[in-house]
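First up is the structure itself, then whatever we jot down about it.
Derivation of every value follows stated rules applied to the coordinates shown; laboratory data play no part. Because the structure is predicted, anything quoted here is derived from the model rather than measured. In this analysis, Cβ positions are derived from the backbone assuming ideal geometry, glycine residues included, and neighbour counts consider all displayed protein chains.
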Amino acid sequence: MNLFDVYPLFDITPVKAQGAYLWDEHGRRYLDLYGGHAVISIGHSHPHYIKRMARQLYNIGFYSNSVQMPLQQELAEKLGRLSGYEDYNLFLCSSGAEANENALKLASFHTGRRKVLAFKGAFHGRTSAAVAVTDNPAIQAPINETENVVFVPLNDTEAFNYALEVHGPELAAVIVEGIQGVGGVRAPEGAFLKEVAAGCERVGALLILDEVQTGYGRTGKFFAHQYTDVKPDLITVAKGMGNGFPVAGVLINPGIKAKHGMLGTTFGGNYLACVAALAVLEVIEEEKLLDNAQRIGKRLIEALRQFPGVREVRGEGLMIGVDLEEPCAPIRKQLLTEYGIFTGSSSDKNTLRLLPPLCIGAREVDTFLSAFESVLHTSTIQAN
Ligand code: PMP
């Protein structure tokens, strides 16, 4: 059997990883400024994480959600404390799409309504409800097509309020990313997000903050929306939560309830998933990774803004979009093949995305900046 051909691949085979670095089978080292798409939060193969996971696997790795698992409660409490959402409840599942799927379902159960307002450029996952609120018809199969989703331009208050006037009484939820990731690192403005929260309250819709990519300190605060005082009804998390082990969750306002059986999943919240998520939180706290993301992010963003060939630098903390004057694919390729540096793309062909592990330091930043400068310089010479 061959693999189903769905991913464009780099011709690289990583066989070992540590901190912000990967090694291929020939022993060549790569600097990872992509984190496997924002998944590696505390750094690859962190010793504390390895120890916690190995010990757990040795004792018990899995049983179904039909027994008491104090680890789940421990995780909920620790996540509540570090994120500032101690009064919320936690539903555990295994991927970002699944978290959004469940948040949308909960909003619909809670309100008895079926419509959702989402934003142009949004990416929320590939399962049926999640892909329906994703602004990309190319990844929607006919079975995903629905009349229930209204798309509005991000940061357009007038369009948002107009959509609320028309659809308000039928809206179960408004879903918005902390910062749009796949869409090219585009943030909702603070004032706009406040307007969205107020609008939701006015029409009785729930506000879902998709923090799948932005959560867990990526932007220098635990959640990106915490740069404002907006408090969403539902918050979805995944990616950095498990540092590579599949674990995700929905943080749920205590006023929202579900009857037994309404939600469920076989793998969600298993022993290993909980221990991975706990180990990540422990390292984030111990190593003050939020402060590091803020400090190093600022340094990187400020330096990138000085580069000729860079049109705009967007983002917060260690979620950075670098808008170039030319398509970024050849530049990313050259960074990888000549300098051994992994970077990310976005749906905007000129926007390169940086999503490094939250533990990177000044040395890694300087390595990247000098490589990036050389690559931009050669591409300018070639263009002229
Ligand atoms: N929401 C956002 C904001 C994302 O960036 C992604 C993944 N790129 C998802 C949801 C989907 O997550 P997963 O791939 O784990 O289903």
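Rounded to the nearest 500, what is the chain's calculated 222 nm mean residue ellipticity when only DSSP H runs of at least 4 contribute -39500 (n - 2.57) each, over all residues?
Computed ellipticity for the chain at 222 nm equals -12000 deg cm²/dmol.
Report the one residue of LEU281, ALA76, THR266 whose Cα lies farthest in the direction of the positive end of the charge dipole of segment 47-286 (charges on C-beta: Lys and Arg +1, Asp and Glu -1; origin at the Cα centre).
The listed residue farthest towards the positive side: THR266.
Report the one residue of HIS46, LEU352, THR157 whose Cα lies farthest in the direction of the positive end of the charge dipole of the chain (charges on C-beta: Lys and Arg +1, Asp and Glu -1; origin at the Cα centre).
HIS46
Once you keep just the Cα pairs under 8 angstrom separated by 6 or more residues, what percentage relative contact order results for segment 268-384?
Once normalised by length, the contact order is 23 percent.
How high is the relative contact order of the chain, given as a whole-number percent (alpha carbon pairs under 8 Å, six or more residues apart)?
Across the chain, relative contact order equals 22 percent.
Please report, in debye to the nearest 20, how large the charge dipole of the chain is about its Cα centre when each Lys and Arg carries +1 at its beta carbon and each Asp and Glu carries -1 there.
640 debye
Select from the chain the helices, each a whole stretch of DSSP H, whose alpha-carbon atoms run 27 Å or more along the helix axis and whose Kyte-Doolittle mean is at least -0.5; answer none if there are none.
On the way: long enough: 362-383 (31 Å, 0.24).
Correct list, ordered by number: 362-383.
Quickly rank 314-320, 361-367, 111-117 as a protection proxy: mean count of other C-beta atoms within 10 Å, highest first.
By packing density, highest mean first, the sequence is 314-320, 111-117, 361-367.
Determine the gain in length on full extension of the stretch ASP87-LYS231; use 0.36 nm per residue of separation and subtract their C-alpha separation, reporting nm with one decimal.
50.6 nm
Taking neighbour counts of Cβ atoms within 10 Å as a proxy for exposure, in what order, fewest first, do HIS260, HIS46, HIS124 appear?
Listing HIS260, HIS46, HIS124 from fewest to most nearby Cβ atoms yields HIS260, HIS46, HIS124.
SER45 to ILE139: FRET efficiency via 1/(1 + (r/R0)^6), r the Cβ-Cβ distance, R0 35 Å, to the nearest 0.05?
According to the calculation, E is roughly 0.65.
To the nearest 0.05, what FRET efficiency results for GLU25 and THR337 with a Förster distance of 22 Å applied to their C-beta separation?
Working: r = 16 Å, r/R0 = 0.72.
Efficiency at R0 = 22 Å is approximately 0.90.
Which order results if ILE40, ILE175, ILE284, ILE139 are arranged by neighbouring Cβ count within 10 Å, fewest first?
Listing ILE40, ILE175, ILE284, ILE139 from fewest to most nearby Cβ atoms yields ILE139, ILE284, ILE40, ILE175.
Along the Cα→Cβ direction, 7 angstrom out, place labels at HIS260 and LYS288. What is the inter-label distance in nm?
For the pair HIS260/LYS288, the computed spacing is 4.7 nm.
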